[in-house]
Amino acid sequence: MLGLINLFLNKYAIRYQRRRSIMFFNNFSPSINDKFLDLGKSDGSLSKFMMSSFDDMYLADIDPINLQTASKLYGFKTIKIKTDGLLPFKDKEFDIIFSNSAIEHMTVEREKLQSISYEEFKSTALKHQQCFANEIRRVGKTYFVQTPAPLFPLESHTWFPFLFFLPRKYLILLLSLTNKFWIKKTIPDWYPISYKRFKQLFPEAKIIKEKSFFITKSYIAIYNTNR
């Protein structure tokens, strides 16, 4: 049964990744000479699928496993970043920044997740996510930034339904149990971003509500002065 659920949800996730690639090309016309950055929570597979002919491709992430995969399998130049949201790049260094389900993870270092209070977790997350958004706007000439909608019934990090109502301390307890057997293992390092706050983080961008079964699944900020 778990195998069938895993197959269905993987196909569902791939479907929306490909829909986002179509949305990307509907809003960007990348040149082969563009400098491209895949930013956070990615092994580079989606952006390499989108930009297979590009050579000048960088990937920055907090996860060393993603960095290793991106380098070995897809040929990215890789940079490790921290959860504080700061990026080690020059102003407008990249022609395009592509960030898929990353900004909500700009919270606290993983070793602090179990011990930190909810109040400190929230305040740190708000600060780091604001910093991350500011850095995207500083470093990228254009950008495509996606984050899951908090109230979508199927929680994207866990593939469990209706987790948005669960207090954080119970979420941590639940994942400590379900990570032992559930099809999607995850670390509770994300802090969800509302539509109102997402608009505030990217004030110059066009904000799109991505839908699934007529329900908002995610928010996407698109900024491209050439269109």
Taking Tyr143, Tyr195, Tyr223 and counting other C-beta atoms within 10 Å, the order from fewest to most:
Tyr195, Tyr223, Tyr143
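Charges only on Cβ, +1 for Lys and Arg, -1 for Asp and Glu: so what's the dipole of the range 33-223 about the Cα centre, in debye to the nearest 20? Spell out each step's value before the answer.
Working: 28 positive and 21 negative charges, 88 e Å.
For this selection, approximately 420 debye.
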Using alpha carbon centers only, the range 25-77 is separated from the range 109-181 by a whole-angstrom value of 23
Around Thr216, with a cut-off of 10 angstrom between Cβ atoms, what is the net charge of the other residues, counting Lys and Arg +1 and Asp and Glu -1?
+2
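Take every Cα pair under 8 Å in the chain that's 6+ residues apart, average their separations, divide by the length, and report that relative contact order as a whole percent. If you can, show how the numbers build up before the last one.
Numbers: 369 pairs, mean separation 41.5, N = 227.
Relative contact order for the chain comes out at 18 percent.
Quick check: from the Cα gyration tensor, does the range 160-220 come out rounded (a/c under 1.5), prolate or oblate? Don't jump to the answer; show the numbers that get you there.
Working: a/c = 2.75, a/b = 1.97, b/c = 1.40.
Judged from the Cα gyration tensor, the range 160-220 comes out prolate (a/c at least 1.5, a/b above b/c).
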Non-local amide H neighbours of Ile62 (under 5 Å, H modeled in plane, Pro and chain starts lacking H): which ones?
Lys41, Ile81
Search the structure for amide H atoms under 5 Å from the amide H of Thr78, placed 1.01 Å from N in the peptide plane, and list their residues when 5 or more places away or on another chain.
Leu59
Modelling each spin label as a point 7 Å along the Cα-to-Cβ direction, I'd like the Ile187/Gln17 distance in nm, to one decimal.
2.0
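By counting other Cβ atoms within 10 Å of each Cβ, how are Lys122, Lys35 ranked from fewest to most? Let's see the in-between values first.
Values: Lys122 14, Lys35 17.
Lowest count first: Lys122, Lys35.
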Picking from Ser115, Ser31, Ser156, which is most flexible by a Gaussian network model of the chain using Cα springs under 10 Å?
Ser115
Along the range 84-97, what does the Karplus equation 6.51 cos²θ - 1.76 cosθ + 1.60 (θ = phi - 60°) give for ³J(HN,Hα), rounded to whole Hz, x for Gly and Pro?
7, x, 6, 10, x, 10, 7, 4, 6, 6, 10, 5, 9, 10
Helix 168-178 versus the longest principal axis of the chain: what is the Cα-based angle in degrees, 0 to 90, to the nearest 10?
80
Any idea which of Asn224, Ile79, Gln114 is furthest toward the positive side of the dipole for the chain, if Lys and Arg beta-carbons carry +1 and Asp and Glu beta-carbons -1?
Asn224
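Per DSSP helix of 4 or more residues, -39500 (n - 2.57); summed, then divided by the residues of the chain. What does that give at 222 nm, rounded to the nearest 500?
Mean residue ellipticity, 222 nm, calculated: -12000 deg cm²/dmol.
All of the numbers you see were taken from the coordinates with simple rules; none came from a lab. Bear in mind the structure is a predicted one, so any value in this text is a computation, not a measurement. Positions of Cβ are generated from backbone atoms using ideal geometry, with glycine treated the same way; all protein chains shown enter the neighbour counts.
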